[in-house]
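Enquirer: Structure incoming, see below.
The values are calculated or read from the model by the stated rules, or taken from the named source; none is laboratory data. Predicted, not measured: the structure shown is a model, and the values here were computed from it. All Cβ positions, even for glycine, are placed from backbone atoms using ideal geometry, and neighbour counts span all protein chains on display. Quick note on the areas: whole protein, heavy atoms, side chains included, nothing else; ligands and nucleic acids left out. Shrake-Rupley method; radii C 1.70, N 1.55, O 1.52, S 1.80 Å.
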Amino acid sequence: MATEAAHGVGEAAHGASAAFPPFDPSTFASQIFWLVISFALFYYLMSKVALPRLAQILEGRQDRIATDLAEAERLKAETDEAIAAYEQALAEARERAGSIARTTRETVNAEIEAERHAAEKDLSAKLADADGRIASIRDKAMADVSSVAAEAAVAAVQAVAGIKITKGEAEKAVAAA
Amino acid sequence: MSNDPIHQFHINRLVPLEVGNLDLSFTNSSLFMLATVAAGAGFMILASGGRGLVPGRAQSVAELLYEFVAKTLRDAAGQSGMVFFPFVFSLFGFVLLANLFGMFPYFFTVTSHIIITGVLALLVISVVLVVGLAKHGVKFFKLFVPDGVPAMLLPLVVPIEVISFISRPVSLSVRLFANMLAGHITLKVFAGFIVSMSAVGIGGIVGAILPMIMTVALTALEFLVVFLQAYVFALLTCMYLNDALHPSH
């Protein structure tokens, strides 16, 4: 059987019985001894070196992410603030522009009004002047017309009736006509 | 010899060492235990050496393992259980790597020996007992008296709880040991079929395809078992440690 063949060099050296190896008590002491050494060593290396390092790495990353998030939050708040300030400045500027336009319009309107008033006054003065001149010219013309009519009447009376009348009488008659 | 499925479990003396009448020889088992420790510790230490904020490949694996075990422990035993984290991590890492080393052909499987898994299980139960008694004193024994059980039933329930507590190290060790042993024997038997069938002749070689497929499938299954058993071992350890911290369920 294969069991006989299984007795290799090492097996022979061990001097063990043909017992099923996992249940062979003669190997227990050695296995326990080396397991304790190995596991103690492994535990020591894990708990003192590898795991603290990993904990540190993970914690560091956690912290880094947290601070980065906080920083992002802060920057976002700053941006919001800047946007609000910008909008306020914009509104102020708009209002100022509006008020400037309004005052300008008002002053311009007032100037136009004043100029219009002056021009109107000027025009009415000129009109009155012209009216006066027209009246005087008319009066003079009327006077001239009366004297011409009187002279014509004198001449006409002399020629027609052969009566010599004075200019004064003629003028009275013209005025009465 | 190559066909003997038990041969892989033989312990061979490499460096004889006798202290008194104790045989503490350095054997192939010792060699693979030290190899497990060297590989595990070497990987974890090198992987965490860079301390990169953005992890590389090795560091990612190390962080993954760290967080996996930490989550398992935290879920089972709460935040206060994290004092046992190095212990649970070491157990998980040691068992997992020892199992994985066993998957290499011609390598010795440390965890296929009951004495190894037994010592680890006893270590777990000792820690549970020591911590439980140190933290809670006599109150630790409330573990055996579940809340809300009528006093009449206690004579029945308490022995059951005691027996279940005592059987914990047994089930913990036998589960791991038996899984490793049986898996490796099955693999070896099917692989042995390939050799002996192909020795018969051309028909045997064709017929050997079946055990070949079986061997490949079993190897995949064994890899699953390797991870699963290491995880189960760590998970049960976490649950037992939870009892040590919070004895009244």
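Enquirer: The conditions are (1) exposed (fewer than 10 other Cβ atoms within 10 Å of the Cβ); (2) in a helix (DSSP H, G or I), and A:Lys164 fails exactly one of them. Which is it?
Expert: Every condition holds for A:Lys164 apart from (2).
Enquirer: Under 8 Å between Cβ atoms, which residue pairs at least 6 apart in sequence (or on different chains) link something in segment B:25-39 that is within 19 Å of A:Tyr43 (Cβ to Cβ) and more than 7 Å from chain A (Cβ to nearest Cβ) with a partner that is modelled with pLDDT under 95 and surrounded by fewer than 17 Cβ atoms within 10 Å (Cβ to Cβ)?
Expert: That search, which allows pairs on different chains as well, returns B:Phe32/B:Phe107.
Enquirer: Still on this structure, I have one more. Quick check on segment B:109-149: of everything there that is open to solvent by 70 Å² or more (accessible area, probe 1.4 Å) and of a type in the set (Val, Ile, Thr), which residue is farthest from the chain's Cα centre (by Cα)?
Expert: Taking the candidates together, the pick is B:Val138.
Enquirer: So, one more: Would a scan of segment B:47-63 turn up a residue that is polar (S, T, N, Q), over 16 Å from the mean Cα position of the chain (by Cα) and open to solvent by 20 Å² or more (accessible area, probe 1.4 Å)?
Expert: Among the residues of segment B:47-63, at least one is polar (S, T, N, Q), over 16 Å from the mean Cα position of the chain (by Cα) and open to solvent by 20 Å² or more (accessible area, probe 1.4 Å), which makes the answer yes.
Enquirer: May I pose another question? Here are the criteria: (1) part of a helix (DSSP H, G or I); (2) in contact with a Pro (Cβ under 7 Å, 6 or more places away or on another chain). Tell me which single one B:Ile11 does not satisfy.
Expert: Here B:Ile11 meets the rest and fails (1).
Enquirer: Any residue in segment A:48-57 that is without any contact (Cβ under 8 Å) to a residue 40 or more places away in the chain, under 30 Å from B:Tyr66 (Cβ atoms), in contact with an Asp or Glu (Cβ under 9 Å, 6 or more places away or on another chain) and of a type outside the set (Lys, Arg)?
Expert: yes
Enquirer: Quick one: is A:Ala6 touching a helix residue (DSSP H, G or I) at 6+ places or on another chain (Cβ under 7 Å), modelled with pLDDT under 90 and facing another protein chain (nearest Cβ under 8 Å)?
Expert: When the stated conditions are applied, A:Ala6 passes them.
Enquirer: Still on this structure, I have one more. Looking only at segment B:103-162, count how many residues are within 30 Å of A:Asp24 (Cα to Cα) and at pLDDT below 90.
Expert: 2
Enquirer: Let me confirm something: among B:Tyr240, B:Tyr231, which residue is touching a residue at least 24 places away in the same chain (Cβ under 8 Å), open to solvent by 70 Å² or more (accessible area, probe 1.4 Å) and of a type in the set (Ser, Thr, Tyr)?
Expert: After ruling out the rest, the residue left standing is B:Tyr231.
Enquirer: Could I ask something else about it? Of the conditions (1) open to solvent by 60 Å² or more (accessible area, probe 1.4 Å); (2) facing another protein chain (nearest Cβ under 7 Å); (3) more than 16 Å from A:Ile32 (Cβ to Cβ), B:Ile6 satisfies every one except a single condition; which number is it?
Expert: (1)
Enquirer: Right, next: Cβ-Cβ under 8 Å, sequence separation 6+ or interchain: first residue in segment B:99-124 and within 10 Å of another protein chain (Cβ to nearest Cβ), partner assigned to a loop (DSSP other than H, G, I, E, B) and of a type in the set (A, V, I, L, M, F, W, C). Which pairs?
Expert: Note: pairs meeting the criteria are B:His113/B:Ile11.
Enquirer: Let me ask you something else. Out of B:Leu91, B:Leu73, B:Leu65, B:Leu53, I need the residue that is within 9 Å of chain A (Cβ to nearest Cβ) and over 21 Å from B:Val225 (Cβ atoms). Which one?
Expert: Just one listed residue meets the conditions, B:Leu53.
Enquirer: When the residues of segment B:9-24 are filtered to those that are hydrophobic (A, V, I, L, M, F, W, C) and within 7 Å of chain A (Cβ to nearest Cβ), which remaining residue is surrounded by the fewest Cβ atoms within 10 Å (Cβ to Cβ)?
Expert: Across segment B:9-24, the extreme among qualifying residues is B:Leu22.
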